[in-house]
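Notes follow once the structure below has been shown.
Just so you know, all these numbers are worked out from the coordinates, no wet-lab data involved. What you are looking at is a predicted structure, and each value in this text was computed from that prediction instead of being measured. For neighbour counting, all protein chains shown are included, and Cβ atoms are generated from backbone atoms with ideal geometry for every residue, glycine included.
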Ligand SMILES: [Zn+2]
C-alpha cells in the first residue's frame, strides 16, 4: 500500500494534465477522500477524520457534537458543559474555537483526559496546555460519562459555535 508521502511525491511530479487523473485514482482506492463541502473540496489523507481545511466530516457535515457512549445523555448536561466551556474560555483570552474534544481514558486512572484539551478552529486543531482538573468542566464531563458509559479511548466533541 503506498503511503501518503508516496502519493504526495507522485502528485508533485505530475503535470497539470496528469494530476486530476492521479487524484481520481487515489480517491477511488481510498488513499484520499474529497471534502463534500462545495466551498472546499479539499482532498484529505485516508486517516484524517475531519477535513484539514474546513473541518467538515466525511459525510460533508459541518463540525458537530459527537456524543460518545452507549446511552443518551440529557441535553441539560450537554448544555451545562457548553456553558462552562464558554465561561472558562472567556477567562483565557483565547479565541473561541468551533469545538473542543476530550478523550475518555478511564483505564489510566482519571476518567477524562482533562489536561490538554483539543480545540478545533475549522479544520485546524490545537492542543491547549491547561489542566481542567477540579473544574466545573470536569464535573460536567463526569456527569455525562455516568449517563453515557463511553468506552475507553472514545472522544467527546462539543461545538461552541452554531
Ligand atoms: Zn473541507
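Remark: relative contact order (segment 1-62) = 22 percent; criterion is Cα-Cα distance under 8 angstrom and separation of 6 or more residues.
With N as its number of residues, the chain has a Cα radius of gyration that, divided by 2.2 N^0.38 Å, comes to 1.23. Once C-alpha pairs closer than 8 Å and six or more residues apart are averaged by separation and normalised to the residue number of the chain, the relative contact order reads 24 percent.
Computed across segment 35-119, the Kirkwood radius stands at 15.2 Å (inverse of mean 1/r, all Cα pairs). Pairs of Cα atoms nearer than 8 Å and 6+ residues apart set the relative contact order; for segment 75-159 it is 36 percent. Kirkwood Rh, segment 116-159, all Cα pairs: how many Å? Hydrodynamic radius (Kirkwood, Cα only) of segment 116-159 equals 11.9 Å.
Sorted on the mean count of surrounding Cβ atoms within 10 Å across their residues, most packed first, peptides 62-74, 110-122 read 110-122, 62-74. If a/c stays under 1.5 just call it rounded; otherwise compare a/b with b/c (prolate if a/b is bigger, oblate if not). Do that for segment 85-138, with a ≥ b ≥ c from the square roots of the Cα gyration tensor eigenvalues. Note, shape of segment 85-138 comes out oblate. So what's the gap between the Cα centers of segment 68-142 and segment 22-59, to the nearest angstrom? If we compute the Cα centre of each part, the gap is 27 Å. Taking all Cα-Cα distances within segment 1-62, those exceeding 20 Å account for 26%. Summarising the label geometry, the points placed 7 Å from Cα in the beta-carbon direction at residue 19 and residue 108 lie 3.9 nm from one another.
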